[in-house]
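The values are calculated or read from the model by the stated rules, or taken from the named source; none is laboratory data. Computed from a prediction, not measured in an experiment: that's the story for all the values here. No Cβ is skipped: glycine too gets one built from the backbone with ideal geometry, and neighbour counts run over all protein chains shown. Ligands, DNA and RNA are stripped out before the accessible areas are found, and what is left, the full protein with its side chains, is counted by its heavy atoms. Shrake-Rupley method; radii C 1.70, N 1.55, O 1.52, S 1.80 Å.
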Amino acid sequence: MEAKVLVLNQDYQAISVCSPQRAFTLCYLQKAEMLDHYPHLSLRSISRQYNYPSIIRLYTYVKVPYRKVSLSRINVFRRDGYECQYCGARTNLTIDHVLPRSRGGRDTWENLATACHDCNTRKGNKTPGEACMPLLHEPFRPSFIMFLSNFTPRLHDNWRPYLMM
Ligand SMILES: [Zn+2]
């Protein structure tokens, strides 16, 4: 599958994802600047080789409606790449309250994490610190773009700063 390009608005807000060809054209026409590229990939014409864009920024501000991702079980799984955030297991997944519900932990993006049944049971009514079970990734509120692009944290580390706002 070809690597996608993250498109930032003039004010550095992530607004969409596009193909590398489209991104290259926008840069070529001086409608956007290339902020980052994939180091191991390149775009080729017959005679030349070009950087393969990873992030571009538009020179002109574009108005876009604010869209947010609804908090649901499936969306927490998607954010976490269907992986237990304690041991990395991919089966018997449940939703864990990082700060347990019995201790005032709420249903928020920052307090919910994917956990396999075993880890969830082992953690019980403790915090990750008390249970000595550090999280693989700190839970965060995902942006709409992240879902649009089927973003996985491991593949697009350089996109992260723009998607966790
Ligand atoms: Zn686990």
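If you check Q49 against the conditions, is it in contact with a Ser or Thr (Cβ under 7 Å, 6 or more places away or on another chain) and farther than 22 Å from P142 by Cα? Even if it seems obvious, please write down each step before you answer.
Details: in contact with a Ser or Thr (Cβ under 7 Å, 6 or more places away or on another chain): yes; farther than 22 Å from P142 by Cα: yes.
Here the answer is yes, as Q49 does meet what is asked.
Could you identify the single residue in V62, V69, V17 that is in contact with a Ser or Thr (Cβ under 6 Å, 6 or more places away or on another chain), surrounded by 11 or more Cβ atoms within 10 Å (Cβ to Cβ) and among the aliphatic types (A, V, I, L, M)? Show your work before the answer.
On the way: V62 fails: in contact with a Ser or Thr (Cβ under 6 Å, 6 or more places away or on another chain); V69 fails: in contact with a Ser or Thr (Cβ under 6 Å, 6 or more places away or on another chain).
Being in contact with a Ser or Thr (Cβ under 6 Å, 6 or more places away or on another chain), surrounded by 11 or more Cβ atoms within 10 Å (Cβ to Cβ) and among the aliphatic types (A, V, I, L, M) holds for just one of V62, V69, V17, which is V17.
Looking at region 33-49 only, could you name the residues that are in contact with a helix residue (DSSP H, G or I) (Cβ under 7 Å, 6 or more places away or on another chain) and modelled with pLDDT of 90 or more?
First, the residues of region 33-49 that are in contact with a helix residue (DSSP H, G or I) (Cβ under 7 Å, 6 or more places away or on another chain): 33-34, 36, 43.
Residues satisfying the conditions are E33, M34, D36.
So is V69 of a type in the set (A, V, I, L, M) and in contact with a Pro (Cβ under 6 Å, 6 or more places away or on another chain) or not?
So V69 fits the description; yes.
Restricting attention to region 128-153, report how many residues are at pLDDT 95 or above and more than 16 Å from the ligand (Cβ to nearest atom).
The total comes to 2.
Can you go through R90, R101 and tell me which one is open to solvent by 100 Å² or more (accessible area, probe 1.4 Å), within 15 Å of the ligand (Cβ to nearest atom), at pLDDT 90 or above and among the basic types (K, R)?
Working: R101 fails: within 15 Å of the ligand (Cβ to nearest atom).
Of R90, R101, the one residue that is open to solvent by 100 Å² or more (accessible area, probe 1.4 Å), within 15 Å of the ligand (Cβ to nearest atom), at pLDDT 90 or above and among the basic types (K, R) is R90.
With respect to N111, is the statement that it is more than 16 Å from the ligand (Cβ to nearest atom), closer than 23 Å to R160 by Cα and open to solvent by 30 Å² or more (accessible area, probe 1.4 Å) true? Give the derivation first.
On the way: more than 16 Å from the ligand (Cβ to nearest atom): yes; closer than 23 Å to R160 by Cα: yes; open to solvent by 30 Å² or more (accessible area, probe 1.4 Å): no.
No.
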